[in-house]
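Notes follow once the structure below has been shown.
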Amino acid sequence: MAFTFRGYKIGKVGIIGSGQIGPDIALHFVKSLYQFDVQVVVVDIAEEALAKGKAKLLKKVDKGAETGAFKPKQVEGMKSHVLFTSNYDELKSADLVIEAATEDLPLKRRIFKQVEGLVSPEAILASNSSHLEPERIFKECTHKGRTLCAHYFFPAERNPAMEIIPSKDTNPEVTDLVMRLYEYIGKIPFKVRSRYGYAVDPVFEGLCLAGIQILDAGIGTTKEIDTVASKCLGLRVGPFTGQNLTGGNPISAHGLSQMHEKINAWYRVPERLQQMVDAKADWEVPGRGETIEVPPDREKLIADEMLGAYFGMVCEMIDAGIITVSDYDLLLGISLDINPPFTFMNSMGLDKALDLLKAYSKKYPAMPVSKALSDRAASGKPWEILDVLFEKKGDVAVITIRRPKALNALNSKVFDELTAHIEKIKSDPEIKAAVITGFGNKAFVAGADIKEMAGLTSPAEGEAFARKGQIVTMKLQTMGKPLVAAMNGFALGGGIELAMCAAARVAPKGLSFFAGQPEVNLGLIPGMGGTQRLPRIVGFERAAEMVRTANPISSDQAYEYGLVNELVDDDVLPRAIELAREIAEGKTKVKPMEMGPLADAPTSLPDIDIGHHSKAIDRLAVAAMLEGAKLTLDEGLKAEARWFGQCWTTEDNRIGLTTFIEKGAKVKAEFVHR
Ligand code: CAA
């Protein structure tokens with residue numbers, strides 16, 4: 001068996017380098033792909049590094065077994081699918097090779113020359129360089145179209161962020177494949193334009209430089225700067241501690257010297273940093289639990305400089321077109337555990353952010369005052385940070401909901417962005433059809449945003465929230481161009497309700513936890529069409545069972561119920577795009593939804609075991625289903641929204657929502673049936 005993804009077969013993954021990060025990259029691949037019998041081979045010329053790397057990987061696997069993260073079968077599977085070896089010939093049949101050797105250009109070039117001689121011309125070659133441009137690394141390669149950089153962040157098996165840097169020669173299909181593959185195996189990849197240092201390391205290293213400048217100016221000590229920087233930037237650890245923890249001084253010194261040439265003159269190697277490198281010394285930083293008091297006037301001076309430097313660096317990336325604002329905001333937040341910069345600037349006001357940058361630039365003239373920030377501030381509008389991405393794949397628009405921390409849950413912002421994208425789809429004559437999908441490998445959409453709903457206080461607010469979502473689903477259903485839902489993972493509550501407004505749905509085969517209407521767990525009823533569209537698709541009996549019990553169904557069951565039109569083996573997106581096009585061209589016919597009242601509308605529902613769920617909420621769910629069945633879909637939705645609002649008249653609504661917010665999804669609410 002091998003793993004085939006979008007038609008590309010991966011039987012073996014090669015990792016070159018058993019140093020700091022190679023074993024962690026290997027662990028991520030083996031964890032994700034061993035069940036497909038994919039072999040992971042780690043190659044290094046140093047036996048000592050191999051032994052150390054293997055021990056590190058095995059220790060992490062055993063720890064996972066101890067904590068229960070890995071089941072015994074997984075442990076056995078992982079251990080039997082990873083090999084540490086000094087024999088480069090083991091790479092021969094590798095379909096994907098990640099080089100994670102020392103940051104040394106001639107060495108990387110030699111490695112790839114050797115690897116190209118071993119693997120097939122179709123194999124994909126990636127470098128986990130943290131700085132070097134792919135054009136330089138792969139300069140001597142023959143099959144440049146299949147090369148790119150794939151930059152991991154510490155710790156590589158757990159940190160989901162990744163920078164994917166294609167060169168000007170990389171085949172865009174290869175970039176697309178690598179991006180999707182990483183998403184499929186649980187990463188959050190971001191495409192970054194090729195430039196030295198990419199998008200993240202200039203900020204990581206630049207914050208250290210900014211700290212040293214403050215130190216040089218005599219404004220604070222390293223301990224004080226570290227403390228204030230971590231507070232004002234929302235960093236888990238300050239820039240000096242960050243350098244100590246990653247052993248980063250030498251890499252930062254090298255990186256900063258190159259950035260001086262390749263980004264701008266603000267980046268430079270301060271003398272103090274070079275001295276630390278030469279002395280192989282660590283910075284003096286606050287000890288664990290040590291509190292550093294900084295007088296308010298000095299705290300302000302330090303914070304203003306750190307913020308000015310941060311905004312200057314990130315906005316320069318936007319000016320240079322290295323990455324989009326939405327991607328960068330999410331990437332920095334995840335990879336560096338820092339306040340996402342554009343959200344941060346929006347919250348303090350762009351005029352204030354611009355003033356901080358201007359003041360910084362006055363003191364350090366090599367830091368440019370960003371045009372993008374100046375223009376935005378002048379426009380009076382905040383940075384546009386999208387949670388719903390829009391892309392054209394030829395004549396098909398692809399809408400992707402990307403809220404990884406909330407499993408793509410639908411909030412008001414998402415509804416607004418969806419509305420704007422619908423208008424684009426409608427008005428663009430090139431677009432014939434559309435696909436809607438969720439980001440990542442876990443959730444299509446985990447429902448309406450429970451945290452937002454928990455803030456609603458009255459039936460009228462509940463009804464208005466449901467209507468907002470319903471109007472969007474109706475717009476999607478009636479936009480005049482076919483929509484297909486590419487259901488990359490589970491769809492719960494508002495998630496399955498969103499998918500049901502599509503003309504067709506494509507889902508992964510064999511997903512045991514796939515679709516459900518879990519609203520009654522929260523002291524709610526479905527509010528975005530679950531009581532109306534679900535009976536129209538799967539029939540009354542099945543719909544009533546799903547809505548009243550919250551029992552989820554598998555993707556295979558969803559297919560059997562007619563809730564899903566097609567099941568696929570790996571990536572749902574290509575088939576969804578193809579299907580959308582086929583429907584638009586009339587090559588594939590789909591059954592249209594009944595928009596009028598249901599011919600077989602029942603007058604009552606049979607008794608059913610609703611388990612621990614609220615009887616008060618069940619009555620509302622039943623009422624919404626029975627009333628809606630006699631109405632047109634449009635009117636039925638309005639009735640559903642009213643019944644949804646009625647949930648706020650019950651005690652069980654507060655109990656259900658509060659239980660989720662305070663105790664999480666796994667704890668059952670103790671309903672009082674009122
Ligand atoms: N809204 C907001 N946040 C959500 C969410 C939702 N619908 N679903 C999950 N999340 C958040 C969680 O709160 C958690 O955030 P934190 O890390 O900040 O705590 C994060 O996503 C990850 O969730 P879990 O840790 O719970 O992940 P898991 O893998 O253990 O479980 C799950 C995943 C089964 C989806 C579980 O999160 C769950 O049951 N979520 C609730 C799903 C639900 O009830 N959806 C229906 C909402 S009501 C609705 O949609 C009404 C309507 O019709 C309009």
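Within region 389-419, the set of residues being touching a Phe, Trp or Tyr at 6+ places or on another chain (Cβ under 9 Å) and in a strand (DSSP E or B) comprises 389, 397, 398, 399, 400, 401. Please tell me if residue 427 is hydroxyl-bearing (Ser, Thr, Tyr) and surrounded by fewer than 20 Cβ atoms within 10 Å (Cβ to Cβ). Judged against the criteria, residue 427 is a match. Restricting region 31-46 to residues that are within 16 Å of residue 100 (Cα to Cα) and either in a helix (DSSP H, G or I) or among the β-branched types (Val, Ile, Thr) (or both), the residue that is nearest to the chain's Cα centre (by Cα) is 40.
Within region 512-519, can one find any residue that is away from the ligand (no atom under 16 Å from the Cβ) and either closer than 19 Å to residue 471 by Cβ or modelled with pLDDT of 95 or more (or both)? No, region 512-519 contains no residue that is away from the ligand (no atom under 16 Å from the Cβ) and either closer than 19 Å to residue 471 by Cβ or modelled with pLDDT of 95 or more (or both).
Residue 451 meets the conditions (1) at positive phi; (2) within 12 Å of the ligand (Cβ to nearest atom) in every case but one. The failed one is (1).
Can you tell me which residue among 134, 106 is surrounded by fewer than 21 Cβ atoms within 10 Å (Cβ to Cβ) and not small (Gly, Ala, Ser)?
Being surrounded by fewer than 21 Cβ atoms within 10 Å (Cβ to Cβ) and not small (Gly, Ala, Ser) holds for just one of 134, 106, which is 106.
The set of residues in region 291-324 being more than 20 Å from residue 383 (Cα to Cα) and touching a residue at least 60 places away in the same chain (Cβ under 8 Å) consists of 292, 294, 298, 299, 301, 302, 303, 305, 306.
Just give me the residues in region 633-661 being over 19 Å from residue 618 (Cα atoms) and away from the ligand (no atom under 11 Å from the Cβ), in sequence order. Passing the criteria: 633, 634, 635. Here residue 584 fulfils each of the conditions (1) of a type outside the set (Ser, Thr, Tyr); (2) touching an Asp or Glu at 6+ places or on another chain (Cβ under 8 Å); (3) within 30 Å of residue 462 (Cα to Cα) apart from (3). For region 472-528, the candidate set comprises residues that are of a type in the set (Val, Ile, Thr) and within 27 Å of residue 611 (Cα to Cα); within that set, the residue that is surrounded by the most Cβ atoms within 10 Å (Cβ to Cβ) is 496.
Checking each residue in region 481-495 for being more than 9 Å from the ligand (Cβ to nearest atom) and aliphatic (A, V, I, L, M) picks out 483, 484, 485, 486, 487, 491. It is to be established whether one or more residues within region 563-584 are more than 14 Å from the ligand (Cβ to nearest atom) and without any contact (Cβ under 8 Å) to a residue 40 or more places away in the chain. Yes, there is a match, as at least one residue in region 563-584 is more than 14 Å from the ligand (Cβ to nearest atom) and without any contact (Cβ under 8 Å) to a residue 40 or more places away in the chain.
A quick yes/no check of all residues on (1) buried (at least 20 other Cβ atoms within 10 Å of the Cβ); (2) modelled with pLDDT of 95 or more:
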| position | (1), (2) |
| --- | --- |
| 533 | yes, yes |
| 541 | no, no |
| 556 | no, yes |
| 563 | yes, yes |
| 569 | no, no |
| 593 | no, no |
| 599 | no, no |
| 605 | no, no |
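In region 391-417, the residues that are charged (D, E, K, R) reach residues that are within 16 Å of the ligand (Cβ to nearest atom) and part of a strand (DSSP E or B) with C-beta atoms within less than 8 angstrom, at least six apart or across chains, in these pairs: 402/388; 402/438; 417/388. The numbered conditions (1) within 16 Å of the ligand (Cβ to nearest atom); (2) crowded, with 17+ Cβ neighbours inside 10 Å are all true for residue 413 except (2). Would you call residue 430 away from the ligand (no atom under 13 Å from the Cβ), part of a loop (DSSP other than H, G, I, E, B), without any contact (Cβ under 8 Å) to a residue 40 or more places away in the chain and among the charged types (D, E, K, R)? Taking the combined requirement at face value, the residue satisfies it. One residue alone among 392, 352 is out of contact with any Pro (no Cβ under 9 Å at 6 or more places or on another chain) and in the same structural domain as residue 416 (by TED's automatic domain parsing), and that residue is 392. For region 201-318, list the helices (runs of 4 or more DSSP H) that sit wholly inside it and hold at least 2 residues that are surrounded by 15 or more Cβ atoms within 10 Å (Cβ to Cβ) and acidic (Asp, Glu); which are they? Once the helices (runs of 4 or more DSSP H) in region 201-318 are filtered for at least 2 residues that are surrounded by 15 or more Cβ atoms within 10 Å (Cβ to Cβ) and acidic (Asp, Glu), what remains is 201-216, 222-233. Condition (residue is in contact with a Phe, Trp or Tyr (Cβ under 6 Å, 6 or more places away or on another chain) and more than 25 Å from residue 361 (Cβ to Cβ)) applied to region 271-278: is it met by at least one residue? Scanning region 271-278, I find no residue that is in contact with a Phe, Trp or Tyr (Cβ under 6 Å, 6 or more places away or on another chain) and more than 25 Å from residue 361 (Cβ to Cβ), so the answer is no.
Restricting 459, 382 to residues that are in contact with a Gly (Cβ under 7 Å, 6 or more places away or on another chain), farther than 30 Å from residue 579 by Cβ and away from the ligand (no atom under 12 Å from the Cβ) narrows the list to 459. Taking residues in region 538-559 that are in contact (Cβ under 8 Å) with a residue 40 or more places away in the chain, and partners anywhere that are aromatic (Phe, Trp, Tyr), the pairs with Cβ atoms closer than 6 Å and at least 6 places apart or on different chains are 552/513; 554/514; 555/514; 558/514.
In this structure, is residue 107 outside the structural domain of residue 255 (by TED's automatic domain parsing), modelled with pLDDT of 95 or more, of a type in the set (A, V, I, L, M, F, W, C) and out of contact with any helix residue (DSSP H, G or I) (no Cβ under 7 Å at 6 or more places or on another chain)? Spelling it out, residue 107 is indeed outside the structural domain of residue 255 (by TED's automatic domain parsing), modelled with pLDDT of 95 or more, of a type in the set (A, V, I, L, M, F, W, C) and out of contact with any helix residue (DSSP H, G or I) (no Cβ under 7 Å at 6 or more places or on another chain). In region 214-225 there is at least one residue that is polar (S, T, N, Q) and farther than 25 Å from residue 329 by Cα.
Determine, yes or no, whether residue 367 is within 16 Å of the ligand (Cβ to nearest atom), of a type in the set (A, V, I, L, M, F, W, C) and either surrounded by fewer than 18 Cβ atoms within 10 Å (Cβ to Cβ) or touching a residue at least 40 places away in the same chain (Cβ under 8 Å) (or both). No: the conditions fail for residue 367. Among the residues here, residue 492 qualifies as assigned by TED's automatic domain parsing to the domain that holds residue 530 and on the phi < 0 side of the Ramachandran plot. Residues being among the small types (Gly, Ala, Ser) and within 17 Å of residue 528 (Cα to Cα) are represented in region 469-480 by at least one member.
One residue alone among 469, 440 is more than 19 Å from residue 656 (Cα to Cα), in a loop (DSSP other than H, G, I, E, B), in contact with a strand residue (DSSP E or B) (Cβ under 8 Å, 6 or more places away or on another chain) and within 14 Å of the ligand (Cβ to nearest atom), and that residue is 440.
The values are calculated or read from the model by the stated rules, or taken from the named source; none is laboratory data. Note that the structure is a prediction, hence the values are computed from the model and not measured. With ideal geometry, Cβ positions are generated from the backbone for all residues, glycine too; neighbour counts draw on all protein chains shown.
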